[in-house]
Amino acid sequence: MKKKMLSALLCVAMIAATLTGCGGGGDSTPASDGTAAPAEEAPAEEAPAEEEAPAEDAAEEAPAAEASDGTLVYWSMWDAAEPQAQAIKQSIEAFTAETGIAVDVQFKGRTGIREGLQPALDAGTNIDLFDEDIDRVNTTWGSYLLDLEELAKANDYESTANAGLLAACREVGGGTLKSIPYQPNVFAYFYNIAIFEEAGVTAPPTTWDEFLDVCQKIKDAGYTPITNDNAYISSLFGYHMSRLIGEPATEEVVKNGDWDNEAVLKTAQAYEELASKGYFSETIESNQWPAGQNTELAMGTAAMYLNGSWLPNEVKDIAGEDFQWGCFSYPAVEGGVDGTEASNYGAQVFAINAKSTMPEQAFQLITYLTKGEADALLSEMSVGIPADSNNAEWPALLTNVKPVMDSLTTRYPWGAGAEANADMTPIIIENFTKLCGGSLDAQGFVDALKAAGN
Amino acid sequence: MKKNKTMIVVFLTPAVLMFCVIFLYPIIRTILMSFFKIEGVTDAVSKWQFSGLANYIKLFNTELFRISMWNIFRIWLFGGVIVMGLALLFAAILTSGIRFKNVFRAIIYMPNVVSAVALATMWLQYVFSPKFGLFKTVGELLHWEWLAKFQWLDPAHLFTALLVAYCFGMVGYHMLIFASGIERIGTEYYEAATLDGASRIQQFRYITLPLLKGVTKTNITMWSISSAGFFLWSQLFSMVVSNTQTITPVVYMYQNIFGAGNSMTERNAGIGAAVGVLLSVCVVVIFIVCDKIFKDDDIEF
Amino acid sequence: MAKEKKVRDRVNWHKELRLAPGYIILTLWVLFTFVLLGWVVGASFSTSKEIFSGGVFKFETGIHLENYAKAWSTSNVSVFFMNSLVYASISCALLIVICAPAAYVLSRFTFLGNKLIQNGFVAAMGVPATMIVLPLFGLVAGWNILNVSLANRAVLIFLYVGINVPYTTIFLLTFFSNLSKSFEEAAAIDGCPPMKTFWKIMLPMAQPGIITVTIFNFINVWNEYFMSLIFANSDKVKSVAIGLYGMINSMRYTGDYAGMFAAVVIVFLPTFILYVFLSEKIIAGVTGGGVKG
């Protein structure tokens, strides 16, 4: 009997001990030594107490370790292995060497920032600056941001910055500058120039009729004109609606469930026509991201895809080096409010925590990262658009995106309003996908949305 | 029983203490939150706006939330029947004295150890692919038209696809629980039964099954809990934005707490909290019902 | 015991034949698993282009070992491994020590509050992790201890244990409730005090349950993502799950799917070996005494 009990207990303890033993090889020695002990002696009640003890001891040295030694803390939206992170890391090293300001950069990744930033700020964690998407930073975390107007003026920041993007930052920041944009992006139709040429299309379409014409030519040449994935398909709906009645009106329709608005039916009819003429990929209904962009567009069987300017970088391994990217803004629709000058464009933005004790240094770092060499390096390594207007040379894959970006004057938010109502988004996507796949007609689409509103 | 009082206290205290330290504050906070309108989960209490039952009323009036509850119910019921059936079958075979038991067991459990992100990518981009998928290839090989043509990933069938992929991964987990339950049954029973001339199947029916009541209860409880928390697979099966076929209450909660997809939508952590409370209540109800059904009939051995 | 084993090892064809249907079913399932997981491994050796054109098993462009080199070098995999190993093994041991007695008492004795505690535990498991973890973080982050890595590790382990207490306790309940009371009665007659009886007799008898729950706890802690994401404040204390997600996301955002699968395999292989090793080790350790029901 004794033996059994011993073996049972010992076994659990032994595994803990052996495993932590191997674990102790690296820098984790103190942790394993300190905490493996209670397991071996197995005093049930003491275990939690033992855990807390070191924590309390350590608390005393905690503030000294970080708060006032002049290190900037930067929480980054990139994952450590991403090219953006590597470019930023490299530039930060150069920055520290140049200015003597130490920077503690934490690559939290998108989820890490999205889920963890606000709790950390609420808890008073020491964070000087962070970055994320322009809309999220300014709307979701707007109350935590330091107003940057003064700093920007003092440093003459705007002389070489993208004016349109800064204007966008002010717009979403409630009239004042609370964030500094970098890594701009634009959401438009991306296409395979080789297929366009083979089909005899000389210029990208600017109106809906030209668009239909282009689709027909591509279909005749034996290719799939349009493909998409579940992740982006709602933008087709949003863009078309916004071309017809403008983005604010589209957003109203989506938010209030005003599906009787005739623009909804008109949009649905336009897509019913595309579907009935066979302009969509055969598998459009089954395309789960990234199937459409990877297996159709990048493989060269489909010609056009409405997506962001990150697309060429995402599929470059599949598309190959000689893939030529074209880009055009969503075509204008007859009798519509908006033309090709309107699109969703934006950027990642840096922002400074209003509670930061080193705002000047933080701004210095932001300036360093978004201008000159650091900006060029980031653009090159991540195949992204440069933020500094002096960095006129865009990555080769994006050369044709520049004229589109430069022509934009009106900014749509994400999805051009199609995803403004989170309770409706999945329902819109489901039915719009069916519409594109031909298993639902225009009236059926409208009816389905109406039914869901109740 | 008097003598056992100290024992009860001493044995229970660490676990209950731990439980209180970790769960009590968040749970009470969550219940309170569900009656308020709150933008961020960690907002200070001073920023909360009391809204009574408004969050619950809004939930029940939202089509998408109803869809998410329906989805989770389908996963729980259909998935539960499939997974429990297969798990019990495999556990019975494993413990029937076959060779290479450990190898089989390890391999069946293996999908649980592989990252769900990789598994989901594998299912979506390979197995279910309408172009070169495994099911398509197998269907063509066997001349099963329906299988070759089946569109797993379109809005009409995405749920089935999700269910298949999820169940595949979960069988191993529940199999281990069943198997450990069977292993605990003494071999004397089977030896005696074999001497009496009972067949394997009879032994399973009259010895194994009745003695597995407790383990079955554990299995159903655990299955219900993992169903209630169904999140990762749903997200992986609808990248970036959620989908009517795959959305579950926890995904809905997530959208209300952190925003949906890439667009800036209204956030209300109070609604998220209300979802959490509802799920929790469901799980407790199932647990209590199970307790009643699988009452310990003083099974002893 | 030894003799019995010898007999078992000789192939008994009559018996094997009777088990044939079982073999067939298991083999089919295992084959299916092999194809699926084989595809994951195959994908890690191919290119993104092959993955998305259905050419994973063909290896037309050869075997691409560079995926592994890339995945390994872009991340601190070895540090994350050691961290997770430490967290998971300590947490598992503590969990058994804390939960097994509680489960025993809850399953054995009727007393005021028993059902309440059980229902409370189950309810706690039904609450989504977000609602538990974020408020806790709000509390702990205020103490300003997360900046010291030793304290950060201790907090993480404490949380891993605490979060899994309800699960482990509920899991073990049934394993104790089905044990015969005659053992305790016999022990009591022999003059063994009840607490000693538990550690000496009852705990070893629940061993299949303890083995199983320890495996699950280990994998749970190993794969735990959300809490580690929120609480692990620096690269030094990050767990494998966080590191893996970082790698996976990096690869996905840059469209490097072959690299992504390589990262997955790098993390999976040691975990699997650990799983096999761990279960064998625990089984061997506990059954050493030859417990019989």
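Just so it is clear, none of the values below were taken in a lab; they were calculated from the coordinates. As the structure is a computational prediction, the values presented were derived from the model and not from experiment. Neighbour counts run over all protein chains shown; Cβ positions are idealised from the backbone, glycine included.
Which order results if A:M424, C:M251 are arranged by neighbouring Cβ count within 10 Å, fewest first?
On the way: A:M424 22, C:M251 26.
So the residues, fewest neighbours to most, are A:M424, C:M251.
Highest first, please rank the peptides A:225-236, A:256-267, C:23-34 by the mean number of other Cβ atoms sitting within 10 Å of their residues.
On the way: A:225-236: 25.6, A:256-267: 17.4, C:23-34: 14.8.
Taking the mean over residues of other Cβ atoms within 10 Å, the ranking is A:225-236, A:256-267, C:23-34.
Any chance you could check the Cα centroid distance between region B:152-169 and region B:252-280 for me, in angstrom?
Centre-to-centre (Cα) distance: 24 Å.
For C:A129, what is the net charge nearby, where nearby means another residue's Cβ is under 12 Å from its Cβ and Lys, Arg count +1, Asp, Glu -1? Write down the numbers at each step before the final one.
On the way: positive: none; negative: A:E115, C:E224.
Here the charged neighbours net out to -2.
Explain nothing, just the number: dipole magnitude of chain B about its Cα centre with +1 on each Lys and Arg Cβ and -1 on each Asp and Glu Cβ, in debye rounded to the nearest 20. Mind dumping the intermediate values first?
Numbers: 23 positive and 16 negative charges, 74 e Å.
Here the size comes out at about 360 debye.
Using Cα atoms only, what is the angle between the long axis of helix C:207-223 and the major principal axis of chain C, expressed in degrees (0 to 90) to the nearest 10?
30
Quick one: if you stick a label point 7 Å off each Cα along the C-beta vector at C:S182 and B:S199, how many nm between them?
Distance between label points: 3.1 nm.
Among B:S129, A:G257, B:H174, which residue has its Cα furthest toward the positive end of the charge dipole of the protein assembly as shown, with +1 on Lys/Arg Cβ and -1 on Asp/Glu Cβ?
Of the candidates, B:H174 comes out farthest on the positive side.
Provide Rg over Rh for the protein assembly as shown; use the alpha carbon set for both Rg and the Kirkwood Rh (inverse mean inverse pair distance).
Numbers: Rg = 29.9 Å, Rh = 30.6 Å.
Rg/Rh: 0.98.
What shape does region B:46-293 have by the C-alpha gyration tensor, where a ≥ b ≥ c are the square roots of the eigenvalues, rounded means a/c under 1.5, and otherwise prolate means a/b greater than b/c and oblate the rest?
Working: a/c = 2.73, a/b = 1.44, b/c = 1.90.
Since a/c reaches 1.5 but b/c is at least a/b, the shape of region B:46-293 is classed as oblate.
Mind checking the alpha-carbon convex hull of region B:205-277 and giving the volume per residue in Å³?
Hull volume normalised by residue count: 102 Å³.
Taking amide H positions as placed in the peptide plane 1.01 Å from N, state which residues far from B:F36 in sequence (5 or more) or on other chains have amide H under 5 Å from it.
Sorted by chain and number, the residues that satisfy this are B:S51.
Going by amide H atoms built from the backbone, whose H comes under 5 Å of the H on A:E132, apart from near neighbours?
Close amide H contacts, sequence-distant or interchain: A:V349.
Apply 1/(1 + (r/R0)^6) to the Cβ-Cβ distance of B:F132 and A:A194, taking R0 = 25 Å, and write down the FRET efficiency to the nearest 0.05.
Details: r = 23 Å, r/R0 = 0.93.
My answer for the efficiency is 0.60.
Can you give me the distance in nm between label points at A:Q269 and C:R18, each placed 7 Å from the Cα along the Cα-to-Cβ direction?
Label at A:Q269, label at C:R18, 7.6 nm between them.
Kindly write out, for region A:217-223 in residue order, the coupling ³J(HN,Hα) from the Karplus curve 6.51 cos²θ - 1.76 cosθ + 1.60 (θ = phi - 60°), rounded to whole Hz, with x marking Gly and Pro.
4, 5, 4, 5, 7, x, 10
Using just the helices of chain C, give the 222 nm mean residue ellipticity in deg cm²/dmol: DSSP H runs with n ≥ 4 each add -39,500 (n - 2.57), and the total is spread over all residues, rounded to 500. Don't skip to the end; give the middle numbers.
Working: 15 runs with 219 residues, N = 293.
Using -39500 (n - 2.57) per qualifying helix, the result is -24500 deg cm²/dmol.
Which far-off residues, 5 or more places away or on another chain, put their amide H under 5 Å from the one on A:A161, with H placed in the peptide plane?
Placed amide hydrogens put A:S389 under 5 Å from A:A161.
Of A:K371/A:K402; B:K47/C:K236; A:K450/B:K136; A:K89/A:K316; A:K217/B:K131; A:K219/A:K450, which pairs sit farther than 27 Å apart, going by alpha carbon to alpha carbon?
On the way: A:K371/A:K402 18 Å; B:K47/C:K236 36 Å; A:K450/B:K136 36 Å; A:K89/A:K316 23 Å; A:K217/B:K131 25 Å; A:K219/A:K450 34 Å.
Distance filter (> 27 Å) returns B:K47/C:K236; A:K450/B:K136; A:K219/A:K450.
Take B:S68, B:S199, B:S227, C:S149 and order them by how many other Cβ atoms sit within 10 Å, fewest up front.
In increasing order of surrounding Cβ atoms, one gets B:S199, C:S149, B:S227, B:S68.
Can you say what percent of the DSSP beta bridges in the protein assembly as shown, counting only those with both residues inside, are antiparallel? Round to 5.
Working: 24 of 39 bridges.
The antiparallel fraction comes to roughly 60 percent.
Taking the Cα centre of each part, how many Å lie between region A:329-392 and region C:140-176?
Spelled out, the Cα-based centre of one part sits 41 Å from the other.
Take the alpha carbon atoms of region B:36-65, find their center, do the same for region C:90-108, and report the distance between the two centers in whole angstrom.
37
Averaged over A:412-424, how many beta carbons belonging to a partner chain fall within 10 Å of each residue's beta carbon?
Working: counts 0, 3, 5, 4, 1, 1, 2, 8, 5, 5, 15, 12, 3.
Mean number of neighbouring Cβ atoms from other chains: 5.
Which one, A:Q288, B:T218, A:I385, is farthest towards the positive end of the dipole of the protein assembly as shown when Lys and Arg carry +1 and Asp and Glu -1 on their Cβ?
The one lying farthest along the dipole's positive direction is B:T218.
List A:M358, B:M264 from most exposed to least, where exposure is judged by having the fewest other Cβ atoms within 10 Å. Mind dumping the intermediate values first?
Values: A:M358 18, B:M264 21.
Fewest-to-most ranking of A:M358, B:M264: A:M358, B:M264.
Can you give the net charge of the other residues whose Cβ lies under 9 Å from the Cβ of A:A161, counting K and R as +1 and D and E as -1?
Numbers: positive: A:K371; negative: A:E158, A:D388.
Result for the local shell: -1.
Over all residues in C:166-174, what is the mean tally of Cβ atoms on other chains that come within 10 Å of each residue's Cβ? Could the numbers behind the result be given before it?
Working: counts 6, 3, 1, 5, 6, 4, 1, 4, 14.
Per-residue shielding by partner chains comes out at 5.
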